[in-house]
Each structure stands twice: as C-alpha cells, then as structure tokens.
Amino acid sequence: MHIAGSGTFALLLHSLSFSTVGEGMAEPAYTVASDSETTGEEKSSPAFPEIAIGIDIGTSQCSIAIWNGSQIELLKNTRNQKMMRSYVTFKDEVPSGGVSNQLSHEHDMLSGAAIFNMKRLIGRVDTDPVVHASKSLPFLVQTLDIGVRPFIAALVNNVWRSTTPEEVLAIFLVELRAMAETQLKRPIRNVVLTIPVSFSRFQLTRIERACAMAGLHVLRLMPEPTAVALLYAQQQQQTVHENMGSGSEKIALIFNMGAGYCDVALSATAGGVSQIKGLAGSAIGGEDLLQNMMRHLLPDIESRFANHGINEIKSMGLLRVATQDAIHKLSTQTSVQIDVDLGNGSKICKVVNSEEFEEVNQKIFEKCEKLIIQCLHDAKVEIEDITDVILVGGCSFIPKIRNLVKGICKKEALYDGMIPLEAAVRGAALEGAVASGISDPFGNLDLLTIQATPLGIGIRADGNNFVPIIPRNTTMPARKDLVFTTVRDNQTEALIIVYEGEGQKVEENHLLGYFKITGIPPAPKGVPEINVCMDIDASNVLRVLAGVILPGSPHPAIPVMEVRLPTVDDGHGWCAEALHKTYGSTLDLETVQKKI
Amino acid sequence: MSVSMVIGYHVSVPKFNPNKSKLRWKERCSGVTCCNARGGELRARNEKNYYELLGVSVDANMQEIKKAYRKLQKKYHPDIAGQQGHEYTLKLNEAYKVLMREDLRKEYDALFGRMRVQFGRNASSLGYSSWKGPLRPEALFVDENVCIGCRECVQHASNTFVMDEAMGCARVKVQYGDSDENIEVSVDSCPVNCIHWVDREELAVLEFLIQPQPIKGYGVFGGGWERPANVFMAAKAFNKQLKEQTAAENKQRNGQSSVEEESPAQAKARANASMEIKMGKFSRIWKFFEQVF
C-alpha cells in the first residue's frame, strides 16, 4: 500500500506541476488515452477486457465498486470502510485524503486544513449562490462576485495555501485509485463516475479534468439516479429469471438526496433495459439542512464568522459537529439535546425537536416536492403507474423526506431492495462492466441504460432569449436542428452563443461556448438560412454544427462550422459580458417561424 | 497523453446535399444524413420508414412498439455496439418518439398516405379478397358505402363473404368461395344491392379505395378516416391516372394488353408489385380525389 501510494503520488505531483504551468491556457495537457482508444475502440480485443470501476464521489462520502465477474463488490480501505469521507487535508508536505488518512477526531476535518464539499464547488463561478453558501465552511472560500472561479485555500501552518476544487478532487482520486490498484492487483484506467443531474457540461469538464490529473480515463459520467435505475433494472431482471414471469414494464421513481445535491429520475424498465423518461435535479442537500439548522441555533452566525480567524474556525467546527450529530439523531428520535461550548464564553444549550427542524428547512423540502412533480410532469407519467419508489442517498433517512416522497407518489411503502448509500456506486459499477463490453453467462449484465439529457441546450437568439435546440429529457443519443436568420440587412457575421439550462433568458443558463459565423453573403435580413444542428452521442459529447444557405442555392454559402463544446474555460461569467460589450446586438440571430 | 479524452470521433467536413432544399449534412464516417427532426418530412423512398425501422406492423400497438424498440436498442445502442450504433440509434429514437405519440403518429401516417392496414404483402389479410380456384374475368365486390350490414350474404355464402364487425359491413373474403348457386342467392338477397360483379382488373383498385384512409387534421379540426363517396368513380379516375403514368414511364408494358396468359400467382404478384410501386403516389392521388369529389 505504501509503495504503491508513493509511486502514484510522484505521478500526482508531476501532473500537479503541469496544472500550475497549464493554468490559464487552453485544455491540452490533461488528456488521457484509454487503452481501448489506442487500439481503435475494438470491443472484443483482449481475452480479459479491462473492467471499468464505478466511483461515487459524494459531497461528503465516497465509495468505489467493481463487477468482480459474478457480482458487484464494494472495495474497502485499509480500515475496512466501504464509505470514505471525501476530503483532503493539507497538513504536511504531502496532502492526504479521506481514503487512507485516519482522522483522530471529526474536528480535525474542521480545522481549516481540510478541504471538503468539493463537489459543491467544482466548476462554479463566484457569483453562484452555492459558492456563497460555502463561505461558512472552515476552509477559505473567497469571492469577488464578478463571475470568475472562487479562491479556495486551506490553512497550513497558519498560512492560507491556495488550491482548486479540481486539484483537491484529483488528489482524492489518486488515493482511491491507489487503493483499488492494490486490492485488484492491476492498473486502473477506466472509470464510471456518478454525477448530479444538475451538473452543467462545464462542470462535467472539470470532473473530467480532475480525473485526467489523477490518471483516470472517464468512460461515462452517469447521473446518480440513472445509476440507481440501472441497478434496479438488474434486480428486476433477476427476479424475472427466478420467477420465470413475464418481463412487464416497471416504472420507478428514484429520489436521491445526498449532502450536496438532490436528484429525481423516472425510469421505465423492462427486460434489463432501463429507459430514463425524466430527470430533474438541484443543488440542495444535507449541507443546506445543516447550515439552516446552524443558523437556527446561532442566528448571528454570519457576522460571527466573517473574519475567518483561527478561533472562529474552531468554534464553527464545534457547532457544525454538534448540529450534524443532532440531525442524525432526529432521524430516529423526535427531540434531541444540543450542548456545545463554542469557546470565548458562548454556549448553546437547547432542545431541538423534529418540528423545528422541519420548519427551519421548509423551503428545501418544498423544493424537493417541486422537483418530483416537475419530473413526473416531464416524463408524462401518472402517479398511479409508478411501480416502485426508490429512495437513496444520505438524506433518505430523514423521516420528513420519506413521508414527502411517499405522499406525492401515494405509496405506503418504499422499495427496500437497495442499500441507500451504496445504490449509486453499485449502478456505476454495473455500467462500468456493461460499457467495457463484459458479458455474463447468467445474463446479469444483459443491461442497458437509455439516457436522457438532463438540461436543455440551445443558443442565444431573438434578443436575449435562450432558444433550446435539444430540449430537456431528450433521449440520447440525440440530434436536432433549427433554422435561424439574420436580423439586419447585409449582415455578414453572426455569433452563435451556446447555453445549457432551463431559463428563458440567457443569463439564467450556463454558458458552454461561442463561435462566429463569418462570410454570410450580403442579403436582406431574414433571407439567409442559418442552420444550427446539435449532436450528442451516447458518451455525452456535444457537437454544434452551423451552416449558411441562401434560398435558391443548393450549396452552402460557406464551409460549415463544427465545434465541440464546451469551449469555455474558467471565468465564463466574464465571457458573456465581454461579448455583449464588444458586439452588442450587431451579430444577433432570430428564429425562423416554421411555415406550414 | 496526446489522444483526446473522449472516444475518438473522426468527423469529416459536413456536406450539403444539393438535391434537397433543406439543409442537410453528411458525415463520411457513417454516411447517414442528418435528418430533420421536426415533423417528419418525406424521406427518400429507399430509406426505411419508421415501422420497418422498428420492425413492427403498421397497426402495432404501444406495447409492441416499446418491446421492439428495447430489443433493437439492446443491439444497436452505442453502449453495446460502439460508435457505429450512433446514427442508427438516432433514427430509432426518432421513430420511437413519433410512433409512441398518438398525434405525431397520425401525422406521420397521413404524410405517407399510408394505411394502418398493411397493403399488398399478404393479400389474404384484412381488406383484400383471395381467389379460390382459377381466376375468372369477373369478381365480387361489396360497396361498403352502401352496405347496411344485414348479414344476408354471409348467411348464404359464408365462405365467400365475411362481416367486418368494426366497420359494420360485409366484404368479400374469398372470390368464389362457395358454389355459384349460393353466391347467386346471396347477391340477390342483398336488400340494397351493394354486391357488384366487377372486372377482375378493377378489383384491386376498388378494394384498395374502399378502405378508409387516415386524413390529415388541422389542430382539433378534421382528422379521422375517410373514403370516396362513389368508389366506382374514384376507381375510374384512379385507373386513368395510373394508365397515364404507366404510359409515360413504360411504353412496353402499355402494349401488353392481354394478361390472360399469366398464371394466377404471377398475376397476383405483378398486381401487388405494381401497387407497391404506386403506393407512394397515393397521397398525391388522394389530394386529387379531394378536389374531384
């Protein structure tokens, strides 16, 4: 373990030095070739194809699983833990993560030296409310509120040492990889990672980048509830095998709420094929519940910890641990005594009951309800048609959440065939085996997930509006196109700005990239047809093609542009504003009304 | 380190297809056009239609379509078949989306001028009569517009006539399925005289035209099914049009007036084949009928 560990750390340091050099440059250095790629993506090449491992990086906990040839196996670390805390401590020369590190006490993690909750921070700009909510964490999160990446630092020997969420995640992944390699006695390259539904494509590139820094090739990034759906599909198929019954279609609602994110999915399952009919997600989770509760216990928390001094960090950590403990206890009992000495003379002595907890977090629970209803609506599924309701993730133990989901779905009982904290990683391991081309003689891997796009993708047109080209919940792979036209006479250039999201206005969505079409032949406004086509393949690569055609002419006026997105790097909040400042509306487009 | 992280994707410079007014591009790696997803335009005839693509019959229900879709996905999805499956899966998804939604499916059917009931391939199936014994110059035909569903004919010649319970009228199942005497009785017994003796050549056209066709609706208006009010007039016009087309296309066949030498099987096959070819033109002809009647 030690030898392997130090070896990979050398590799890590190498890639980290890369990262400092590469900072600010475009993406090139962080690409990793998979073995299958170099051999031309042949499915049936080696006798023992490499099985990709499944990793579930949670906001607070992380786990790793693999298909061992007959079943899914969760890997354990040296301390025999299946679930490992997701954090990295920058105490000594070499940073160490939650995989191998032994915390002497929970408070160690809250001294400011450890970075955690990276999943909530990765790929977000400093105007994002989620980043602002993270400012009360013990480590340093600084924002300039201009749409660039936030400044994140860990306290090492009384020095704030800067880092990035990608770097922290990479260090953590290196540890995970080392652990898996020691146990499986083979090098690990391909991984299937689970991600929240609400992650934008830009955030996905950050995850990929972190993986690349850790020497891992991402085979698939799978929204968490779809991984659960795959596991469900396998379980259903097994019961069909046993009962020899008919493989009738089963509709499952999957509700996954962890520390950082809440996701909902509806899947239709039959014969091992899990078809995702609807996805919905938001960045709400246990962390919000915890913060609301802390604010409830200590109303002046913001002003108290604004300075981020060492003593304040310490008392904040104490409060955090106490509150977390109380919330856990409220899952099984109706009231709990909180007794915590914050130092500098202030003490909190209070009895909190579950009504209080539910009232403080009412908004979050309402949002959960909204997500479920939206998902049902998008999937066009009636509540009566739902066969099973599956509740997973850390927050699935909270009675209020359980009742809320049961209430909406009008179900007496929840599906009990899964371990809530292991469902996602097990699904990821299954996908890893399926996507690696492994087959199982008993048909246990005779599975398929038909994914859907969690967010709409479109461009800016008709003024400042977001015009979706591929709508949300489109079955993948997907390809759609839409015709646009110029807004002024003799307009020779047009700006294609690609966004992802659900907002009506472009500002409410994530910027993915932009490019300019030049050389449009001079013509009156509304005459040139600008066709924008979007293509997403099964591995979720997005390409945008744009071409210009003049009516009556059979040939394109200019060569077609093809762009792989996202192209934006950090600070994309700035990009949109800069574009607007430079070009105004001179290069605008508008949609062509469909003629019947 | 230099290879791209995501599965290698070799896409050539897209081309515009000069034959289409709509913008399309091709990828050399796959050689499949980027289909316009909105509202199903008429695609090239040699391309498979959605029913063929999914391998279901035209009157397949939702369950059958779902099952077929899942089966094909398990074979062609890029997760299983690799990158080659991309284009095919795109088409499958499109076909599935259209056929699973009642309104889109109706629109698609209307666009193709396609019947829900499969045409031609097996003449004995719904709507088309088969022959018992040798072909004769005259054939029986029930004008379903006139038929009142009295069942008289079915009672007298049950091997020849059959009741279409859905439509509530009789139709010919087997030409000369009973003795001539029984047929004579049943024709005479019809209270509305809707059983006609027609030329054998005319039969196929009449039987095709009497079947209700889905009509294109506009929003909440229209839609549903229709057939020509006077099927004999329609057949005449239809035959005329066919003849003109045949004359223009193929002069040799025009000269071949006697079909008597052909064996029944050959005749049937030829009739089916020519019908199949003409199928695509039906939608145009249908519009012509709307103007005439």
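Could you give the accessible area per residue of segment A:69-177, probe 1.4 Å, as a whole number in Å²?
Values: 4190 Å² over 109 residues.
Ligands and nucleic acids excluded, the figure is 38 Å² per residue.
What does the average come to when, for each residue of peptide B:68-81, you count the partner chain Cβ atoms lying within 10 Å of its Cβ? Present the calculation step by step, with values, prior to reporting the outcome.
Details: counts 0, 3, 12, 2, 0, 6, 7, 1, 0, 8, 6, 13, 8, 2.
Rounded to a whole number, the mean comes out at 5.
Just to verify a number: FRET efficiency for A:Phe442 and A:Glu369, C-beta to C-beta distance, R0 = 45 Å, to 0.05?
Details: r = 40 Å, r/R0 = 0.90.
After rounding, the FRET efficiency stands at 0.65.
Per residue of B:84-95, how many C-beta atoms from partner chains lie within 10 Å of its own C-beta, taken as a mean? Don't skip to the answer; put the middle values down first.
Numbers: counts 1, 3, 7, 3, 1, 7, 9, 1, 3, 7, 4, 0.
Rounded to a whole number, the mean comes out at 4.
If you roll a 1.4 Å probe over chain A with all protein chains in place, what percent of the accessible area is carbon or sulfur? Mind showing how you got there, number by number?
Values: 12740 of 23900 Å².
C and S fraction of accessible area: 53 percent.
Jot down the per residue volume, in cubic angstrom and as a whole number, of the convex hull over the alpha-carbon atoms of segment A:346-486. Intermediate values should be presented prior to the final figure.
Numbers: hull volume 33.2 nm³, N = 141.
Convex hull of Cα atoms, per residue: 236 Å³.
For labels at A:Tyr583 and A:Trp160 in the simple 7 Å Cα→Cβ model, what's the distance in nm?
Taking the simple label geometry, A:Tyr583 and A:Trp160 are separated by 3.7 nm.
How are the C-alpha pair distances of segment A:456-591 spread across 10 Å bins, as whole percents from the shortest bin up?
12, 45, 34, 9, 0
Could you tell me the total accessible area buried at the A-B interface, probe 1.4 Å, in square angstrom to the nearest hundred? Please report the intermediate quantities before stating the final value.
Details: alone 26090 and 18030 Å², together 39620 Å².
Rounded to the nearest hundred, the buried surface is 4500 Å².
Compactness ratio of segment A:275-345: Cα Rg over 2.2 N^0.38 Å, N = residue count?
1.41
With 23 Å as the limit, write out which pairs from A:Lys250/A:Lys406; A:Lys480/B:Lys106; A:Lys380/B:Lys67; A:Lys350/A:Lys406; A:Lys480/B:Lys97 have Cα-Cα distances beyond it, or answer none. Don't jump to the answer; show the numbers that get you there.
Details: A:Lys250/A:Lys406 18 Å; A:Lys480/B:Lys106 21 Å; A:Lys380/B:Lys67 19 Å; A:Lys350/A:Lys406 31 Å; A:Lys480/B:Lys97 13 Å.
Distance filter (> 23 Å) returns A:Lys350/A:Lys406.
When the Cα centres of segment A:461-498 and segment A:432-450 are compared, how far apart do they sit, in Å?
37
Using the heavy atoms of the protein chains alone and a 1.4 angstrom probe, what is the accessible area of segment A:288-362 per residue in square angstrom?
Values: 3920 Å² over 75 residues.
Dividing the accessible area of segment A:288-362 by its residue count gives 52 Å².
Cβ neighbours within 10 Å, averaged per peptide: list A:377-386, A:314-323, A:65-74 in order, most packed at the top. Please list the in-between numbers first.
Numbers: A:377-386: 14.5, A:314-323: 20.3, A:65-74: 17.0.
Order by mean packing, descending: A:314-323, A:65-74, A:377-386.
Which whole number gives the average, over all residues in A:508-516, of C-beta atoms from other chains lying within 10 Å of the residue C-beta?
Whole-number average of other-chain Cβ neighbours for A:508-516 is 0.
Relative to the first principal axis of the alpha-carbon coordinates of chain A, what is the inclination of helix A:286-297, with its axis defined by its Cα atoms, in degrees from 0 to 90 and to the nearest 10?
So the inclination is approximately 60 degrees.
Note every residue of segment A:451-481 with a reduction of at least 20 square angstrom in accessible area, all protein chains present versus the isolated chain, computed with a 1.4 Å probe, or write none.
Residues meeting the cut-off: A:Thr475, A:Pro477, A:Arg479, A:Lys480, A:Asp481.
Using a 1.4 angstrom probe on the protein heavy atoms only, line up A:His328, A:His296, A:His217 by accessible area, largest first. It would help to have the intermediate numbers written out before the result.
Values: A:His328 120, A:His296 55, A:His217 0 Å².
The ordering from most to least exposed comes out as A:His328, A:His296, A:His217.
The values are calculated or read from the model by the stated rules, or taken from the named source; none is laboratory data. On a predicted model such as this, the values are computed, not experimentally measured, just so you know. Note that each Cβ is placed from the backbone with ideal geometry, even for glycine, and that neighbours are counted across all protein chains shown. In case anyone asks, the SASA skips ligands and DNA or RNA and just uses the protein heavy atoms, side chains included. Shrake-Rupley method; radii C 1.70, N 1.55, O 1.52, S 1.80 Å.
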